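The values are calculated or read from the model by the stated rules, or taken from the named source; none is laboratory data. Just so it is clear, the model here is predicted, and its values are computed rather than measured. Positions of Cβ are backbone-derived with ideal geometry, glycine not excepted, and every protein chain shown enters the neighbour counts.
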Amino acid sequence: MTFSDIPGKEDIKQQLVSLVKQDKLPHAILFLGPEGSGKLAMAIALANYVQCMDKQEHNVCQACSACQKALKNIHPDIHFTYPVGKLGSKARKDITSIDFLKHWRTRLDVSPYISLDSWQAAMGDTNTAPNINTTECKNILHHLSLQTFEGSHKVQIIWQSQFLGKEGNRLLKLIEEPTPNTLLILIAEHEEGLLNTIVSRCQIFKMKPFTDAEIVDYTATKGIKVTERELFLANGNLCAALQFKDGAQVEYSDLVLNWMRVSWQSHPDHVFPFIDNLMGLGKEERLMFIQYSIHFFRQYLIYIYTKDHNKVRLVDKEKDIILKMVKIIDYHKATQILEKLEEGLVLLNRNINAKIMFTKYTLYFGEVLKSAA
């Protein structure tokens, strides 16, 4: 991965290159931004640029021995840490990133735009909540205490660093008193979950979502043609856009409308068949349905607030559904529904019982819809 492989983000690329050239690159960096905004890609590109033995004006040379290894994600002085799940009968406290290194490199070979869900699927474990444990943190300290093998720096990339939790305290001394030529790169979607003591000691680079044009251009290079609806659903998330198949459109709008109808009725004869239908979807499809529902209601709120169809990122069919719902669901009710959907996305990712959750939410939505405006 090189800087030129990343669409857009020219301001951040130029800033990073300038810091390296001036030998002012901080020893601790935090890339913050929503899923699919290119944080991991940028971290890898920076690590590769740091190690390059013949740096070009804006990019790596791609020809030196360091580049040859870094571009294959096998450079001995670039270390990766990421949340991991179960591995056979091995105790969770002993499972570290090295146990899944082959899976990680294989996934990076496909794309550096990785969601947590896709990583869990790559590990072959979608049911266990992943973590970064004490043993992993000790390994990080060990790696960075050694001399470099052949590169100019020891680089440690920690993807989804919010999974460090309190274990991040173990890295504080390293951040405060780094060993020579050490670069620690943390990656997270938001500051919540990260220790304030760590955040305050890092130089933060905030990554914005990709533009529609950047997504269209980049996916085209991968042989993927995103439709207007898929572009709206991706909403700047390149991880999501890369999962779309050429010409395939996700049709969840009717399902959302039906969910609201069933919730309004709140009758067992309608609720339970609807829930059974949802349970017929796979886990990934249920997650996509919740993600779509969140997207729909966010756009719904924009329409209620602005009354301007041009500001709503929905296709015409979905806008027609808004017009059907707006007489019943006001701003306050839509906000309550959206808050519950966002909570549901977190719970589904934590492997809560989906049937119980959807049943509970359906009844809750019914109460919201029937409440006084």
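General observations
- The criterion of at least 1 residues that are among the aromatic types (Phe, Trp, Tyr), modelled with pLDDT of 85 or more and assigned by TED's automatic domain parsing to the domain that holds Trp259 is met, among helices (runs of 4 or more DSSP H) falling completely within the range 280-361, by 283-306, 331-349.
- Criterion (touching a residue at least 40 places away in the same chain (Cβ under 8 Å) and surrounded by 13 or more Cβ atoms within 10 Å (Cβ to Cβ)) met by exactly one of Leu281, Leu287: Leu287
- Selection count where residues are surrounded by fewer than 17 Cβ atoms within 10 Å (Cβ to Cβ) and over 23 Å from the mean Cα position of the chain (by Cα), scope the range 154-177: 6
- Qualifying residue in the range 140-158 (condition: in contact with a Lys or Arg (Cβ under 8 Å, 6 or more places away or on another chain), within 19 Å of Asn196 (Cα to Cα) and in a helix (DSSP H, G or I)): no
- Each residue in the range 119-133 was checked for being exposed (fewer than 14 other Cβ atoms within 10 Å of the Cβ) and without any contact (Cβ under 8 Å) to a residue 60 or more places away in the chain, and 1 of them qualify.
- Sole residue being of a type in the set (Gly, Ala, Ser), touching a residue at least 60 places away in the same chain (Cβ under 8 Å) and assigned by TED's automatic domain parsing to the domain that holds Val84, chosen from Ser145, Ser152: Ser152
- Restricting the range 95-118 to residues that are in contact (Cβ under 8 Å) with a residue 60 or more places away in the chain and among the aliphatic types (A, V, I, L, M), the residue that is farthest from Asn353 (Cα to Cα) is Leu108.
- Residue match in the range 205-213 (condition: more than 21 Å from Ile29 (Cβ to Cβ) and surrounded by 14 or more Cβ atoms within 10 Å (Cβ to Cβ)): yes
- Against the list (1) over 24 Å from Ser371 (Cβ atoms); (2) in contact with a helix residue (DSSP H, G or I) (Cβ under 9 Å, 6 or more places away or on another chain); (3) polar (S, T, N, Q), the condition Gln336 fails is (1).
- All of Lys55, Lys24, Lys39 fail the test of being closer than 25 Å to Ala188 by Cα and more than 27 Å from the chain's Cα centre (by Cα), apart from Lys24.
- Close Cβ contacts (under 8 Å, 6 or more residues apart or on different chains) running from residues in the range 319-346 that are more than 17 Å from Glu367 (Cα to Cα) to residues that are small (Gly, Ala, Ser) and part of a helix (DSSP H, G or I) comprise Ile321/Ser253.
- Positions within the range 1-32 being among the small types (Gly, Ala, Ser) and on the phi < 0 side of the Ramachandran plot, in sequence order: Ser4, Ser18, Ala28
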